[in-house]
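What follows is a short report on a single structure.
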Amino acid sequence: MAKSAVEYITIISDFATQRIDNFLINRLKGVPKTHIYKILRKGEVRVNKKRIKQTYRLQEGDEVRIPPMQLEDRNTPPAPSKQLVTFLSARILYQDDNIIIINKPAGISVHGGSGIKLGVVEALRTIHPKLELVHRLDRDTSGCLILAKKRSTLRELHTLLREGQVKKIYHTLTKGHWKQSALRVEASLLKNQLSSGERIVRVHDEGKPSVTIFTPLVRYKYSTLMEALLETGRTHQIRVHAQFRGHQVAGDEKYGDKEFNKQMHQLGLKRLFLHAYFIEFTLPSSGKHIQITAPLDDDLQACLKALE
């Protein structure tokens with residue numbers, strides 16, 4: 001019987017503090033929990049080349065080794081359709097021997113898990129089998145998403161992200177008009193997980209330090225197109241910081257303003273207006289300076305046109 005290959009996964013910030021057993025249960029869809037706990041007890045799962053207990057909490061940058069398993073143990077996700085692969089391939093903004101940068105569409109997750117069978121990375125692995133996700137974008141957020149073709153490049157980019165050496169700018173439509181004094185938001189963010197599994201982030205003194213710099217681009221009658229520069233990269237950071245200032249992001253069902261969302265929906269906006277517009281970094285191993293802009297999708301441009 002065929003076996004799967006050994007998997008090595010580098011933990012990104014979104015999975016930091018999660019218990020290793022819960023991480024594996026979500027990652028290894030279809031594998032019985034009894035088998036997952038068995039490979040943990042036997043030390044077949046390693047973190048940074050060391051044995052760990054099932055209660056170990058993952059840290060950003062940890063390297064997790066998942067042992068080979070009988071393929072019948074894995075509930076192999078459905079193969080992505082040719083149409084999806086073609087659609088995503090057409091949205092690649094940049095690629096070389098080390099990375100791919102794609103203009104991720106809204107409505108598609110970056111990876112499978114938590115009830116989602118496949119995402120961008122699984123679809124593109126049909127072309128590049130060793131592709132790994134460098135960072136995340138929420139399912140409803142569009143724009144620049146980096147994927148690494150090599151593990152060495154993945155580690156390199158994670159180091160750049162931790163050290164704040166990746167410049168990320170978003171475009172977002174927000175409620176109302178901002179005061180000059182409100183444009184820099186320095187408010188710690190605390191992430192909570194509800195019993196339903198839903199993640200909720202709120203401003204809290206005990207949270208992680210978080211900074212967003214907002215800049216008005218275009219003022220409309222009751223809203224403003226804003227540029228958001230991230231000095232930190234926390235979960236839902238822009239959305240929660242905008243909410244904190246009372247200028248909620250258009251189309252935000254979790255942190256937004258219902259009446260504002262209703263008005264924007266009447267103008268044709270059917271999604272969260274948050275777009276990873278620009279990304280810039282220099283890859284130390286190659287010395288290559290990469291600077292990529294992702295154009296707004298037609299639906300967002302149509303919304304802005306309606307506001308004019």
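The values are calculated or read from the model by the stated rules, or taken from the named source; none is laboratory data. Computed from a predicted structure; not experimentally measured. Here the Cβ is made from the backbone with ideal geometry for all residues, glycine too, and neighbour counts use every protein chain on show. For the accessible areas, the whole protein counts, side chains as well, though only heavy atoms, and no ligand, DNA or RNA atoms are used. Shrake-Rupley method; radii C 1.70, N 1.55, O 1.52, S 1.80 Å.
Results for (1) part of a helix (DSSP H, G or I); (2) crowded, with 22+ Cβ neighbours inside 10 Å; (3) not polar (S, T, N, Q), shown as yes or no for each residue.
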position: 106; (1), (2), (3): no, no, yes
position: 109; (1), (2), (3): no, no, no
position: 138; (1), (2), (3): no, no, yes
position: 143; (1), (2), (3): no, yes, yes
position: 156; (1), (2), (3): yes, no, yes
position: 177; (1), (2), (3): no, no, yes
*Sort out which residues of the range 221-262 are more than 30 Å from residue 160 (Cα to Cα) and among the aromatic types (Phe, Trp, Tyr), and write them in order of number.*
222, 260
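Only one residue in 281, 260 is in contact with a helix residue (DSSP H, G or I) (Cβ under 7 Å, 6 or more places away or on another chain), at pLDDT 95 or above and open to solvent by less than 10 Å² (accessible area, probe 1.4 Å). Which one?
281
From the list 200, 169, 213, which residue is within 19 Å of residue 272 (Cα to Cα), of a type in the set (Val, Ile, Thr), at pLDDT 95 or above and open to solvent by less than 70 Å² (accessible area, probe 1.4 Å)?
The unique qualifying residue is 169.
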*Answer yes if at least one residue in the range 47-59 is modelled with pLDDT of 90 or more, open to solvent by less than 70 Å² (accessible area, probe 1.4 Å) and within 18 Å of residue 135 (Cα to Cα), and no otherwise.*
yes
*Out of the residues in the range 96-120 that are at pLDDT below 90 and more than 23 Å from residue 300 (Cα to Cα), state the one that is nearest to the chain's Cα centre (by Cα).*
111
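Here's the yes/no breakdown for (1) surrounded by 19 or more Cβ atoms within 10 Å (Cβ to Cβ); (2) modelled with pLDDT of 80 or more; (3) of a type in the set (Lys, Arg); (4) part of a helix (DSSP H, G or I):
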| residue | (1), (2), (3), (4) |
| --- | --- |
| 5 | no, no, no, no |
| 8 | no, yes, no, no |
| 14 | no, no, no, yes |
| 17 | no, yes, no, no |
| 23 | yes, yes, no, yes |
| 26 | no, no, no, yes |
| 30 | no, no, no, no |
| 37 | no, yes, no, yes |
| 44 | no, yes, no, no |
_Residue count for the range 241-274, restricted to those that are part of a helix (DSSP H, G or I), farther than 20 Å from residue 229 by Cβ and without any contact (Cβ under 8 Å) to a residue 24 or more places away in the chain_ = 6
